[in-house]
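Engineer: Have a look at the structure that comes next, please.
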Amino acid sequence: MKKLKIEIQVTILTIGIAVAVIVSGYLAYQSLSRIVDAIHKAARPDLKLILIKDIASDLNEVENTIRLYSLTGNATFIKPYQQLNSVIQEKLSNLQEYAVPGSDEIQQIDSIRLLVSRKLLIWDEIRALHRSKANPHKSFSELFSKLDTVLVVADTITIKPEVKKGFFKRLFSKKDTARRSIIIDKTKEKETIRQEIAGAEKNITDQAKRLQAKDKILLEKNIEVTKILDQQIVRIENSEQKRLEAKTREADSMAGQAYQRMAIFTVAAVILLIVVLTLFFRNLQKNRTYQQVLRKAKAEAESLAKAKEMFVATVSHEMRTPVNAIYGLTEQMLQKSDSAEISADLEVVHKSAEHLIALVNDTLDFSKIESQKLKIEQIDFLPDEILSEVHTLHKDSAKKKGIELIFRNNTEKNLVLRGDPIRLKQILINLITNAIKFTNQGQITLTASAEETPEQNYLLHLEVSDTGVGISKENLSQIFDEFVQLDTDLTRKQRGAGLGLAIVKKLVALQNGQIEVNSTLGKGTSFSLQIPYKKGDPDGVKKQSVKLLQIPSWFQKLHFLIVDDEEFNLYLIRNILKTWGVSFTVAHNGQEAVELADKNWYDLIFMDIRMPVMDGYEATKQILQHRSSFKIIALTATAKTSDIQKIEQAGMCAFLQKPFAEADLLNTILKLLPEKVAGSLQEEITQETVIDLEELERISGGDDAFLREMLSIFIRSGEEALAKFQQNLKNSNWSELAETAHKLAAPAKHLQATTLYNQLKKLENTAESSTPEEMKNLIAQIDLEINRINSILKQKIEKG
């Protein structure tokens with residue numbers, strides 16, 4: 001056990017306790033279930049015994065019925081006898097169902113059935129015996145009837161004499177009523193009847209004796225069968241009593257067994273718990289030492305992490321300042337340049353600066369990548385453009401070292417994928433930069449191909465190979481580690497933090513991709529990676545051209561205060577404001593800004609945060625104490641939440657993160673000066689609005705009538721939407737405002753009216769959270785833009 005970790009020990013003991021609890025609980029449950037089942041069975045009445053006693057009772061009823069029949073000779077007692085006989089037979093059949101197969105009960109029930117059947121046969125014979133005997137009453141009735149007849153007839157018979165007379169004599173003479181009697185002797189008949197009566201009496205007596213003898217024999221058999229049946233019933237009752245006693249003893253035994261198991265379980269659980277507690281306290285004592293070591297290590301790690309964070313924040317801030325100047329000045333030069341060649345070079349510089357901004361925002365904040373907080377975007381892009389841009393960015397640096405940079409793109413030129421193009425570009429730039437760094441002669445090859453996978457997905461295969469110094473097998477496993485530089489003569493001449501390949505591997509993993517490396521020392525290195533992407537929408541690909549901003553004419557009436565100690569920043573923002581025609585005053589620290597704000601009025605103040613003498617936070621607080629209506633914009637290179645909270649607490653209205661684009665600066669100003677926007681709408685009606693009908697022309701397929709109809713529909717839709725905007729604004733119906741903006745946004749996108757589309761989406765997303773005044777100003781801007789677009793569309797319709 002000493003060799004096992006505390007987690008394993010506790011786990012094993014916990015499993016042991018759980019098994020003991022389960023087994024003991026199961027056995028106790030089985031014992032208790034059997035006890036309950038035994039008690040339940042013992043409490044149930046013995047239906048078999050009840051049925052047997054019920055049959056015995058029915059047999060007594062049969063006996064009584066037959067006796068009544070034998071005494072009275074009344075046939076009405078035969079029907080109850082037959083009904084009882086049927087009931088007894090049915091109960092005998094039911095009795096068979098209670099017998100348990102393979103037990104003594106079958107033999108007992110069979111004996112009961114035989115005895116009951118014998119008893120019924122005996123009573124049936126008695127019934128038949130009494131039914132077959134002669135009826136003495138009828139014989140005697142017939143004899144007495146004969147005797148009465150003989151006695152009724154007179155012993156003498158009177159005969160009337162017959163005398164013949166003449167007619168007149170018979171007419172006038174009296175009738176002779178005298179009669180003559182004849183004597184008949186009946187003595188013999190009477191004697192005969194008497195003899196018959198005596199014979200009948202003798203026959204009756206003899207028959208009665210015979211019946212009595214048979215009846216006696218049958219009754220003796222009945223008594224014998226009844227005695228045996230009663231013995232069987234008593235035997236069954238005794239058996240049932242013994243069964244109940246056995247069940248009681250079994251229940252007692254099972255209860256004792258259950259108590260024993262519960263006792264064993266309790267003792268075992270207590271022992272195991274004692275072992276667990278002993279193990280716990282023993283390891284707790286050891287862990288106290290570990291905790292002290294861990295707390296010390298944690299403090300050191302936190303100190304190191306804080307130092308690392310401060311280092312990254314400082315480097316980030318210092319890099320943002322020159323990058324801000326490069327990005328902003330390149331953007332200004334692009335707008336001024338008329339040379340196509342210079343514009344192309346500036347475009348590369350601008351894209352490089354733009355990419356460097358993305359790297360500064362994410363790569364330098366390495367803790368963000370380590371904590372996996374880096375967000376992978378999902379946007380539509382052309383891999384051909386990304387690969388071409390990467391090739392363009394590195395061809396000059398490769399040419400300077402005399403290295404041939406070969407670009408092999410085997411993907412379709414118009415293939416659109418959906419994913420994060422910035423991360424893809426970052427991966428390729430790191431790999432090719434690393435290859436150029438460690439290659440002095442030969443070539444570097446970038447090969448790309450796309451493999452279509454199921455469900456309209458693609459697997460992008462990329463390979464970057466070089467003919468450089470190569471990597472030894474011992475060092476090959478370390479190249480993706482952070483802050484690692486291999487110990488070679490060449491690498492000692494190179495500069496860097498050793499994060500490039502570590503970032504590459506993490507970015508590939510974040511996109512569910514894979515990367516492999518093969519290298520031979522002195523011959524070169526090859527990186528192979530594959531990243532899965534979804535199929536993209538060609539209509540969703542963003543165009544890379546720089547959009548010209550529309551600067552309102554009323555900007556020339558504004559006056560700003562710029563507070564910054566960095567010459568790069570001052571040069572950039574002054575150049576932008578000069579281009580816009582905005583007047584400004586410059587202060588190099590917070591103290592100068594406070595003094596100038598006390599004496600002069602400024603429409604906006606741009607305040608840097610880190611400055612000598614007085615920082616931006618303190619300067620803002622002092623300015624707002626005397627000029628509470630002033631609007632101050634923070635200029636900062638940080639994006640930390642704590643710093644943003646401090647900016648808000650100081651009273652600043654907004655902040656611009658360095659480096660910022662000219663469009664970001666313009667949008668921030670327009671957001672903070674809405675009243676000036678509303679007051680100068682009529683001045684802006686003459687400004688040019690840019691739209692692009694290329695998408696509609698493609699959809700129409702050359703059908704001019706269809707195109708004109710689509711333009712007319714947009715004009716009507718825009719005018720109807722403006723009416724709804726005003727009505728819903730008046731009624732404060734914010735949900736309808738958002739719905740109307742949503743419906744008009746799609747047609748605006750088809751016209752490539754980017755300004756209008758952005759305004760409509762802003763209205764849709766902020767309708768229910770903005771103030772009525774903000775909604776009024778935004779609707780005014782949308783009204784102006786729709787009128788501009790409709791004016792252009794009407795001209796196009798008129799010109800055909």
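Engineer: Rounded to the nearest 20 debye, what is the charge dipole size of region 228-299 about its Cα centre when +1 sits on each Lys and Arg Cβ and -1 on each Asp and Glu Cβ?
Structural biologist: In debye, rounded to 20, region 228-299 gives about 1280.
Engineer: Given a 1.4 Å probe and heavy atoms of the protein chains only, how would you sort M333, M607, largest accessible area at the top?
Structural biologist: Ranking M333, M607 by accessible area, largest first, yields M333, M607.
Engineer: Next question, about the same structure. Skipping prolines and chain starts, which residues have an amide H placed within reach, meaning under 5 Å, of the one on G442, given they are 5 or more residues away or on another chain?
Structural biologist: Residues meeting the amide H criterion: E404.
Engineer: Applying a 10 Å radius around every beta-carbon, put 275-286, 612-623 in order of their mean neighbour count, most first. Provide the component values of the computation, followed by the final result.
Structural biologist: Working: 275-286: 12.7, 612-623: 18.9.
Sorting 275-286, 612-623 by mean packing, highest first, produces 612-623, 275-286.
Engineer: Measure off 7 Å from each Cα along the Cα-to-Cβ vector at I271 and R610, then give the distance between these two points in nanometres to one decimal.
Structural biologist: 6.9 nm
Engineer: Please list, ordered by chain and number, the residues whose modelled amide H lies under 5 Å from the amide H of H559; skip anything fewer than 5 residues away on the same chain.
Structural biologist: D603, L604
The values are calculated or read from the model by the stated rules, or taken from the named source; none is laboratory data. In this text, all values refer to a predicted model and were calculated from it rather than measured experimentally. Neighbour counts run over all protein chains shown; Cβ positions are idealised from the backbone, glycine included. When the accessible area is computed, the model is the full protein with side chains, heavy atoms only, and any ligands, DNA or RNA have been set aside. Shrake-Rupley method; radii C 1.70, N 1.55, O 1.52, S 1.80 Å.
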